[in-house]
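Nothing in this text is a laboratory measurement; each read-out follows from the coordinates by a stated rule. Everything numeric here is computed off the predicted structure, so don't read it as measured data. Here Cβ is always computed from backbone atoms with ideal geometry, including for glycine, and neighbour counts include all displayed protein chains.
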Amino acid sequence: MRVLYVEDDESARVLLSKRLAPEGIEVVCAESGQVGIELLRRERFDALILDIMMPGIDGFQVGRTARKEGLNTQIPILFLTAHPRALQESQAKSLQPVASITKPFKMEKILSALRELVPSKKP
């Protein structure tokens, strides 16, 4: 499984990448929403893991851009947030299929969500 992880916190990117690699998940990281969109335009991914609150282009905007530009209209999205109120159901529902996890999280929650969102490529 190959996922794009868009997160402005470098330590979070490193931690998630290192923890998912032994599970057979290739994690490509982007440090901003803009970089994430550029990667989506050039490469294919099985799922997106998006931090919601980032400076500039936020996770919702990355997800909407992926859908609107037809970059991958059905790519599953896993939202991560330290601020549960930031995850507005109406915004998330418009980007189906999606799941969300509140930070701090346990790695098993990430793996479980990815297995549900991308059942054909189980880690």
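Here are some notes:
- Per-residue extension of 0.36 nm, minus the Cα-Cα distance of Leu15 and Glu38, leaves a gain of 6.0 nm for this segment.
- Cross-link partners of Lys18 among aspartates and glutamates, defined as those whose alpha carbon lies under 20 angstrom from its own and excluding same-chain residues fewer than eight positions apart: Glu7, Asp8, Asp9, Glu10, Glu26, Glu31, Asp46, Asp51, Glu108.
- Packing rank of 5-14, 47-56, where each peptide gets the mean count of other beta carbons within 10 Å, highest leading: 47-56, 5-14
- Net charge over other residues, Cβ less than 9 angstrom from the Cβ of Ala12 (K, R count +1; D, E count -1): -3
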